[in-house]
Amino acid sequence: MSIVPFPPCPFLPPPRPGIDWRLLHAHRASRGGEFYRDCLEYAHALWSQGRAARAVLCLDRAFGADLRGGEAVLAEWPLPYAAMAWFLRHTPADTFIGNPRVHFQHYAGRMNAPRREQRRWRAWACWALARAILPDLPGDPRHVIAEPGEEEIAGNLRLYGLPGEAELWLKVTRA
């Protein structure tokens, strides 16, 4: 079976030819700016190979990078809310992406350290994107959890996220 490549995502760095999981494995000890950029690039590589679900999971890893807000990579490649929305909008109907709504619901509800609150609210932000872009996807009725609204998500991104993160997410939600 040949893989039909997906169109490039305009919100991610172009992937170098031949990159694979070893790109991220090299960052076991450090999850800062280089790890973040490599997650974005590897997500794009997975996407371009038609692996939408794995690309979404790789963006999860990018959101989990240990960033403080002043890293140069963020000026060129902001937190990937726009890339996540783009993946959700552009995944062909016959391509497996799982249920991003349930994924982010579970991820937010079961988050652990490090930076638990920051990562939790980023997961809720992605959950809200999935709900808005793919409104027919059901939630998980067995996972009883209070689902936050836009104001609560934005407020917590302001509290726990990077400077300007809430506004970046709100811009994507309104695009």
Here the qualifying pairs (Cβ atoms under 8 Å; residues six or more apart or on different chains; first in the range 43-55 and among the aromatic types (Phe, Trp, Tyr); second open to solvent by less than 40 Å² (accessible area, probe 1.4 Å)) come out as Trp47/Phe6; Trp47/Cys9; Trp47/Leu12; Trp47/Ala55; Trp47/Phe87
By residue number, the members of the range 47-69 that are open to solvent by 50 Å² or more (accessible area, probe 1.4 Å) and outside any helix (DSSP H, G or I) are Gln49, Arg51, Asp66, Arg68
Per the filter on the range 9-22, residues surrounded by 14 or more Cβ atoms within 10 Å (Cβ to Cβ) and more than 18 Å from the chain's Cα centre (by Cα) are Ile19
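Kindly provide the set of residues from the range 43-85 that are hydroxyl-bearing (Ser, Thr, Tyr) and at pLDDT 95 or above, ordered by number.
Hit for the range 43-85 is Tyr81, nothing else.
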Those residues of the range 79-93 that are surrounded by fewer than 18 Cβ atoms within 10 Å (Cβ to Cβ) and either under 18 Å from Ala125 (Cα atoms) or of a type in the set (Gly, Ala, Ser) (or both) come to a total of 2
When every residue in the range 147-175 that is out of contact with any Gly (no Cβ under 7 Å at 6 or more places or on another chain) and not in a helix (DSSP H, G or I) is compared, the one most open to solvent (accessible area, probe 1.4 Å) is Arg174
Across the range 4-24, the tally of residues that are part of a helix (DSSP H, G or I) and of a type outside the set (A, V, I, L, M, F, W, C) stands at 1
Log entry, pairs with first residue in the range 113-131 being charged (D, E, K, R), second being open to solvent by 40 Å² or more (accessible area, probe 1.4 Å) and modelled with pLDDT of 95 or more, beta carbons closer than 7 Å, six or more apart or on different chains, reads Glu117/Tyr160
I'd like to check something: does the range 139-149 contain any residue that is acidic (Asp, Glu) and modelled with pLDDT of 95 or more? no
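Quick check on my filter: what residues within the range 70-97 are over 19 Å from Gly161 (Cβ atoms) and in a loop (DSSP other than H, G, I, E, B)?
Within the range 70-97, Thr91, Pro92, Ala93, Asp94, Thr95, Phe96, Ile97 qualify.
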Just one listed residue, out of His103, His44, His27, is open to solvent by 20 Å² or more (accessible area, probe 1.4 Å) and assigned to a helix (DSSP H, G or I), and it is His103
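The values are calculated or read from the model by the stated rules, or taken from the named source; none is laboratory data. Fair warning: this is a prediction, and the values are worked out from it, not measured in the lab. Cβ: placed from backbone, ideal geometry, glycine included. Neighbour counts: every protein chain shown. Calculation scope for accessible area: heavy atoms of the full protein, side chains included, ligands and nucleic acids excluded. Shrake-Rupley method; radii C 1.70, N 1.55, O 1.52, S 1.80 Å.
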